[in-house]
Every structure is written in structure tokens, then in C-alpha cells.
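The values are calculated or read from the model by the stated rules, or taken from the named source; none is laboratory data. Computed from a predicted structure; not experimentally measured. All Cβ positions, glycine included, derive from the backbone under ideal geometry; neighbour counts span all protein chains shown. Each accessible area value is taken on the protein alone, full model and side chains, heavy atoms only, with ligands, DNA and RNA left out. Shrake-Rupley method; radii C 1.70, N 1.55, O 1.52, S 1.80 Å.
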Amino acid sequence: MAQEAHGAIYDLLAVRGVSRRDFLKYCSYVAAMLGLSEAAAPQIAAAVEAGARGKLKPALWLNGGSCSGCTESMAQVDSPDVATVVLELLSVNYFETIMAAAGDHAEKAMDDTIEAGGYLLIYEGAVMTGEDGNTLLINGKKGKDILQKAAEKADAILAVGACAVDGGWVYAHPNPAGGIGVQSYLDTVKVATPVVNLPCCPTSPEWIVAMVVQWLLVAEDDPATFLAKTELKTRTYKDSVTGNNVTLNYPAYIVGSTIHDNCPRRGHFENGEFVTEFGSEEEAKGYCLYKMGCKGPQTYTQCPITRWNRSVSWCVNSGAPCIGCGSLNWVDNNAPFFKRLSSMQLGGGVGNVQPGTVGAIVGGVAAAGLLAHGLGMKAAGRIGDGPPMETAKAYDRKKMAKKGGDK
Amino acid sequence: MSSQAHYREAHPLVFVITHWINLICMIMLAFSGFYIHYPFFDGFMGVARGMHFVAMFVILINLVFRIIAAFFVKTAVDLGSREVDTDIKNWLPQAKNRHQFFETVKYYLFMRKEGVISAKYGSLQKIAYLATIPLTFIQAYTGFALYGPTADWGFFFGGTEWVGGEMNMRIIHYFIMWVFIVFTMIHAYLANVYNFAPSKIIFLWKETEH
């Protein structure tokens, strides 16, 4: 990825065995993802071609508290495809996981890029703020400081993957490392560089491509218009580490509808055909995974449309219930993954309890209480005609007695 | 208390009907809600969701109607009485209920022998019957926040974000249903603890003389 790309786009494509037809098809696919009509495909192709002819756009790919899964998601393409070619239009000057350079050379490449400014910053992983940022040190520097420095001079930031969005699973309870999302951190250090968030664990490489193309499209005129020219949807959440309310920008098309709405198994859901057990006949029939804890109904991403690995498959297609990695605070909100509702984290040695258990206990206690009370009422002889009635309110009787005493 | 007669003035026909609608809708909502929560048999999801949405609209319209009707329909001022007054007066706390809250609690905890003086409804009853109104609206709100066509309306989506996402909203919706179930259990128990005369009047509109 960090290699230099030479020549025009079609040479590149030919070398990689991608036809012009494939390329244009891909451009219209990207257009759809950007919420543009297919008519925008030639424009996208032109932007990509211009990118290939001209100077490469500089980019930095920084890793915070991450598992490099998003890098894997992008790098694990089994054969060279258009996405790779498009991403090679970026001159990725620093990319810890896959760059050839190491040590001082690598650091210098990053410093030079930051100094020059005008680059696209791709950030993968959570921002580690725990122990004053000492939970993540790179080359003796705090990860959060590196992000701040790089963010200040970037044109735009892509926060890729759930961790970069809101801290992801690093943010999950109890979060000793203080992992938070990029937007949340930049809010606290007051860096106003626009951030576009790409959800999921890992994020989809196609979404990164769509946003890179979007950036190439707008960078031609004015990178400052990146946010304004991108159709966005916002989500707000309260960051439990910083205590701030954070507003996140997502590409509208990516978070526009639930997984459930676009799910290929949706028909089985409506028919009431469910998998109750893995390895069962129902599973072999491809029935709905709702009872297996599928979080598709409350996860707003378009995974069923983009899919993974060049649109070959995705989680639900391959037989696993959605675990809701595209939602905010997704681990705490969705664990246990194979249960319908998340467990409530009750303290005081009670541990994690399913809402259904709590409901049944409440109902059971109420029923037992009423039964006991009924027996008491019977013992007190109130059943039938009810109790003898008071002739005056206790309050009035007391008052009268007091008055009488005063006289 | 229940040694009194139960006359139709206590529950005019229109409220017998709204009560029936409430009961049927609540059973449909709880049943279909449980099914949507966890489908315990096959082949019913489409019906369960349809049932949930229809019953939800019916019960809301019924509740609004019941509240408006309270300002126009006259009901008995006391149990065993044929004297009537505007229903809302009998529904809200009255002079007769003053100073009787703790006495009522003491009575039900067997800390006093005599029944307490109350109006048509006792202090606890009035609190419970009034509390079910906002509770129904809160339940409707949490439901609409999860309901596809309305979930992204700012009014509902803001609440979803405030509680920390749809999963939490779903759990709140689920727990409020348990509050309704427990309310219904206590309500049915206390109404009929002495004898079934109250059920005869509210369901069958059949008067009982004592």
C-alpha cells in the first residue's frame, strides 16, 4: 500500500488484471455508496484517473489501541481488486502494520507529512487516554499526543472501525485503559478537523474506499468542503470516560437502515421460522437467527448490501447472528452475543443478569406476595363482606380527642 | 367497603366498554410483546407484530377517549351509592381521601382492623389509576422509539440516544411491561379480594345488592 504508484490508472488496472469495465462498474458501486446516482460514476472515474495521473494524495494511517483488524480487513484481499488500486492512489506515508520502513525513517516520514499538511488521516483503534495516555506509547510518545498532532494539520480524518468511532470493545466496561473514540478525544483537546466515522469491527474496506473517493472528489476543489459535500447522519452519545456528549458524523448511506431491514433472512423472520440451536435442521435451512441473539434489528449499517470480501459473504450470510458491532458502545450494549437482550451489569456481587430473569423474579415475587396477603386477609376474616368500617377518619378522631383534651 | 352494593352508576356502560378494550389490548400487547421478545413457537412473528401495532394504537386512542370522557360522563360518588358527579372529580384525589394514605397502607399491612373511609376509590387506588396514564404514555414513547416508521423521528430518536441506544430502550420497554403485569395482578387481586361483585359490575354490568 505504501509503495509508489506509477503511470495512469489503466496501466495499473491492466497490471492487476482488472478490466476497464470492472473499474467503471466499481465506480458506480462507489457512487451508490456515497449516496450519488449512478450518473456520478464517470465523475468518480475521472477523479480516480486524475489521482493516478497527478501527484499522489498524501495520507497517514495511524493505529491507536487496535487489533489491526481493520487493516486486515482491507489487506486480506485474496486477489488484487479495484479497491486496492484506488487505495494506491493515496501515498500512505506511514502505516505501522504494513510499511516497509522502520525506526527513525518511518518516524521521519510521518513528521515530514505532518509538517507539510494537507493530508488525509486514517485512524484505526481507540484513543488510549488511561494513565494520562501512558497506556499506549509509540516510539516513546503517547498515542493520544501523536493523534492530536497529526489531526491538527490534517484536511480530514477517517475514523475507521468501531474503536476509532467510540472506543469499540476497548471502551467496554470496565475500560481501565480509558479507550475512547477519535471524535470524543478531539473534542476534549479542541481540534476541529472534520471526522467521518466508519463503524463496525472491522470496518468494511469498501466504505474506506468510498470515503477516499469522496475525499479525492472534493479535494480537487477545496478539502475544507469535505464534510459539507458528504451526505451525513449524526449520532450522539455520552462518553463515559470524558463525560462529554459527543456528536459523530457517519456517511448517511452506510448507517441509513438496519441490518434487519436488508437481511436476506428477513422472510424467515416474518414467517416465524427461527434457528433455536446451532447445528440443527433449521440452521441448515437458513432460517432467521433472531433467537440466537441476532442484533440486526437495532444495528444501523448496510452490511447486507456491501458484504465483505468482494461482496462474497457477510456474518449473517455465513450463519452467525449479527453481534451489533456497528452500534455505539457495542460490546456492553450487545453482550452476551447469543442472547436476545444484553445482560444488565449489576454491581454488588450480583454480576450480569438477563432482563428476562429480573422480570420473572419481579412477577414471581408479586404473585407470591399477593398469595400470602390473600391468606392474611382470610385469616383476618375480611373475605366475604370486607372489614367493619371506621365511622370517622383516624386523623379526625385524633384531632377531636386532642380538642376534647384541651377543653 | 365491599359490603356495599355495586350499582351501574359506579361504572357506566361506556367505561365498562373502555375497560374491556383496555383488558383485551393489554393481553394482546403482553402476549405479542413476549412473542416478539422471544418467539416461543414458530410461525407467528408477522401476526404478533401486526397484533402489537394494532393493539398499541387502539389502547392509545382508548386511553385518550377515556380521559376526555371523564370530563363529561357522570359516575357514582361513592361505592354503594346512586348519587353521581362528573367522573374526573371521582378519579382525582378528593377531600375524602385526605389523611387516609397511611391509614390505607396500615390497613393492608394488617396494622389496623377497620376499613378506611374513602371516596369511590381509596388513596392507593387513585395513585395507581392515575399513575397508569403517564406509564402508558411512557410505554408508548419507548415503543415508538423502537417502531420502524417512527424510530428516527427526532422526538423519539433523541430519547433513544439519551438512554444509550436501542438495546437499552428495548430493555426499558420490556421492564415497563412487567410493571403493567404486576399492576394488573395487584389490581385484579385487590378488586376481588372480598368477593366478585366488582368484577360482575365492570365486566358484565350486573348490579349486586348487598
Within the stretch A:362-407, which residues are more than 9 Å from every other protein chain (Cβ to nearest Cβ) and basic (Lys, Arg)? A:LYS378, A:ARG397, A:LYS398, A:LYS399, A:LYS402, A:LYS403, A:LYS407
Quick one: what pairs do we get from the stretch B:85-104, first residue in contact (Cβ under 8 Å) with a residue 40 or more places away in the chain, second surrounded by 14 or more Cβ atoms within 10 Å (Cβ to Cβ) and assigned to a helix (DSSP H, G or I), C-beta under 8 Å, 6+ apart or different chains? B:ASP87/B:PHE15; B:ASP87/B:ALA69
So how many residues does the stretch A:263-304 have that are in contact (Cβ under 8 Å) with a residue 12 or more places away in the chain and either buried (at least 17 other Cβ atoms within 10 Å of the Cβ) or among the charged types (D, E, K, R) (or both)? 28
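Okay, residues lined up against (1) within 30 Å of A:ARG307 (Cβ to Cβ); (2) under 20 Å from the mean Cα position of the chain (by Cα):
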site: A:ALA151; (1), (2): no, no
site: A:HIS173; (1), (2): no, yes
site: A:LEU216; (1), (2): yes, no
site: A:LYS229; (1), (2): yes, no
Number of positions in the stretch A:187-207 that are surrounded by 23 or more Cβ atoms within 10 Å (Cβ to Cβ), in a helix (DSSP H, G or I) and touching a strand residue (DSSP E or B) at 6+ places or on another chain (Cβ under 7 Å): 1
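Residue-wise test of (1) within 19 Å of A:VAL362 (Cα to Cα); (2) more than 11 Å from every other protein chain (Cβ to nearest Cβ); (3) assigned to a helix (DSSP H, G or I).
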{"position": "B:THR104", "(1), (2), (3)": "no, no, yes"}
{"position": "B:ILE117", "(1), (2), (3)": "no, no, no"}
{"position": "B:TYR129", "(1), (2), (3)": "no, yes, yes"}
{"position": "B:THR142", "(1), (2), (3)": "no, yes, yes"}
{"position": "B:HIS173", "(1), (2), (3)": "yes, no, yes"}
{"position": "B:MET185", "(1), (2), (3)": "yes, no, yes"}
{"position": "B:LEU190", "(1), (2), (3)": "yes, no, yes"}
Tell me, yes or no, whether the stretch A:351-361 has at least one residue that is away from chain B (no Cβ under 13 Å), over 24 Å from B:ALA145 (Cβ atoms) and either open to solvent by less than 20 Å² (accessible area, probe 1.4 Å) or part of a loop (DSSP other than H, G, I, E, B) (or both). no
Just to be sure, is A:THR242 assigned to a loop (DSSP other than H, G, I, E, B), in contact with a Pro (Cβ under 8 Å, 6 or more places away or on another chain) and in the same structural domain as A:ILE208 (by TED's automatic domain parsing)? no
Selection count where residues are surrounded by 14 or more Cβ atoms within 10 Å (Cβ to Cβ) and outside any helix (DSSP H, G or I), scope the stretch B:46-84: 11
Could you check how many residues of the stretch A:98-139 are surrounded by 21 or more Cβ atoms within 10 Å (Cβ to Cβ), small (Gly, Ala, Ser) and more than 25 Å from the chain's Cα centre (by Cα)? 0
Please state which of the following conditions B:LEU135 fails to meet, knowing it meets all the rest: (1) more than 9 Å from chain A (Cβ to nearest Cβ); (2) part of a loop (DSSP other than H, G, I, E, B). (2)
How many residues does the stretch B:1-30 contain that are free of Cβ contacts under 8 Å to residues at least 60 places away in the same chain and either open to solvent by less than 30 Å² (accessible area, probe 1.4 Å) or under 29 Å from A:PRO388 (Cα atoms) (or both)? 2
In this structure, does B:ILE88 turn out to be open to solvent by less than 50 Å² (accessible area, probe 1.4 Å) and under 19 Å from B:GLY143 (Cβ atoms)? no
Tally of residues being touching a residue at least 40 places away in the same chain (Cβ under 8 Å), open to solvent by 20 Å² or more (accessible area, probe 1.4 Å) and in a helix (DSSP H, G or I) across the stretch B:194-210: 4
Only listed residue being within 12 Å of chain B (Cβ to nearest Cβ), closer than 17 Å to A:PHE338 by Cα and in a loop (DSSP other than H, G, I, E, B), chosen from A:SER327, A:SER318: A:SER327
Scan of the stretch A:294-315 for residues that are in a loop (DSSP other than H, G, I, E, B), under 15 Å from the mean Cα position of the chain (by Cα) and within 14 Å of chain B (Cβ to nearest Cβ), ordered by number: A:LYS295, A:THR299, A:TYR300, A:THR301
